[in-house]
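Okay, so here's the structure we're looking at.
Rule-based calculations on the coordinates, nothing more; no lab input. Note that the structure is a prediction, hence the values are computed from the model and not measured. Here the Cβ positions follow ideal geometry from the backbone for every residue, glycine too, while neighbour counts run over all protein chains shown.
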């Protein structure tokens, strides 16, 4: 073969690479379950070890005031995939059965639904239409099949976890197995942009240790904030898996052409971790139940070492994905705002943008109850709004209102509702206007099984423990 023929052959081989690099970037979305705000090294854990996540965060943009759309799993995931607040998709809880003792519930909770309506166009469907190959790996929690809502590939093990915990039927650790399948998907998608949604089951209960890591953490000195050995092994398993994903991207030469987003579905599991200085944990609408870790790693776009205190929320990711892919959002209600101006450093703030939560149901208490409003429920029916530094909550059972200045009181210990009536009333009105706009169902029906005396005695007994 002469020199010109060789050059022609080489150029033909290089064309797909050149064309691919000129297109939209890949998206690797790592979504954790019950992973707390302080559960990584970069956010301040003094016992858990996350060197791979820490390195990605260091080279990316860390959001310190990032929120889930709900304090528990299913509604958070529904809002994430739909880009809509909970009143629009009507998934309010995990399942529809009432939670807790009926004698302690003053109101009849709003039932809601368990399946994300097929009429809602997910960001996965939007990315598909933009030419992305899409894959979903792990926990779905929104209906029978991710493939009906925009995923070309689905490895969904929701039905395995109750029986096998974090070990699959063949004895493999789920974090490892799901990562293997994600890497396979990435390798198979080299000729087009791809989006991999890796929704780990970790670190949700049951707390199953990565057994080969137990000796390491059993021998490690406990931290002042964290000391849970089993949780530490589960967190390292996810971090190690993240390291393998990075290695795969480097091997394929796609590390500079991939946006990596790291997020959690709600606050950490109270009996095993701590979000201090935040108050609360999973299931509460205190900061510890809804504020979560988030970073975006995007070489050439996001300035390394960046941090943002701008309040952002899960619904913001849908329009962000659309802008990353260069595609128009669908013609449906989207409640978030693209993070791209923040990622590109074009602005540092969205101004006084309100963000909202609506939970017209109940979540029963853990055996511990030291960081929740009362010992019987992690949350009773409640709605909340944050604007700037201020956060307001309205409880529907008794109309109680709480107002906090998170800048001065991140632990939500000093209710300013009576001291700042103008601010309270302004935020309350804004919350009510939003509820009317999105047709939020308000629980108002009195529960006929409610027994005030039984509730009082249960609270007294719990307080005496």
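Any chance you could list P(r) for segment 83-147, counting all Cα-Cα pairs in 5 angstrom bins from zero, rounded to whole %?
3, 14, 20, 20, 16, 10, 7, 5, 3, 2, 0
Between residue 102 and residue 368, what's the calculated FRET efficiency when r is the beta-carbon distance and R0 is 30 Å? Round to 0.05. Numbers along the way, then the final one.
Working: r = 23 Å, r/R0 = 0.75.
Between residue 102 and residue 368 the formula returns 0.85.
Can you figure out the FRET efficiency of residue 350 with residue 423, using R₀ = 22 Å and their beta-carbon distance, to the nearest 0.05?
My answer for the efficiency is 0.65.
When a/c is below 1.5 the answer is rounded, else prolate if a/b is larger than b/c, else oblate, so apply that to segment 19-76 with a ≥ b ≥ c taken from the square roots of the Cα gyration tensor eigenvalues.
Oblate, since a/c reaches 1.5 and b/c is not below a/b.
Please compute the Kirkwood hydrodynamic radius over segment 355-463, one decimal place, Å, based on all pairs of different Cα atoms.
Taking the inverse mean of 1/r over all distinct Cα pairs, segment 355-463 comes out at 15.3 Å.
Counting each DSSP H run of 4 or more residues in the chain as -39500 (n - 2.57), what helix-only mean residue ellipticity at 222 nm follows after dividing by all residues, to the nearest 500 deg cm²/dmol?
Dividing the helical sum by the residues of the chain leaves -9000 deg cm²/dmol.
What number does segment 248-399 give for Rg over Rh if you use C-alpha atoms and the Kirkwood radius?
Across segment 248-399, the Cα-based Rg/Rh ratio is 1.03.
Would you mind computing, in nm to one decimal, how far apart the modelled labels at residue 460 and residue 147 are, each placed 7 Å from Cα along Cα→Cβ?
About 5.9 nm separates the two model spin labels.
Helix 3-22: angle to the longest alpha-carbon principal axis of the chain, degrees 0 to 90, nearest 10?
Roughly 10 degrees between the two axes.
In segment 302-317, whose amide N lies under 20 Å from the spot 7 Å out along Cα-to-Cβ of residue 58? List them in ranges.
302-308
How would 340, 43, 136 line up from fewest to most surrounding beta-carbon atoms within 10 angstrom?
340, 43, 136
Quick one: helix 452-463 against the long Cα principal axis of the chain, what's the angle to the nearest 10°, folded into 0 to 90?
60 degrees
With angles folded into 0 to 90 degrees, how steeply does helix 174-188 sit against the dominant principal axis of the chain? Use alpha carbons for both and round to 10.
Helix 174-188 sits at roughly 40 degrees to that axis.
In terms of the Cα gyration tensor, with a ≥ b ≥ c the square roots of its eigenvalues, is segment 409-458 rounded because a/c is under 1.5, prolate because a/b exceeds b/c, or oblate? Display every interim value, and only then the final one.
Numbers: a/c = 2.90, a/b = 1.29, b/c = 2.24.
Cα axes put segment 409-458 in the oblate bin.
Multiply the residue gap between residue 389 and residue 111 by 0.36 nm, knock off their C-alpha separation, and tell me the result in nm, one decimal place.
96.9 nm
For labels at residue 216 and residue 398 in the simple 7 Å Cα→Cβ model, what's the distance in nm?
Modelled inter-label distance: 4.7 nm.
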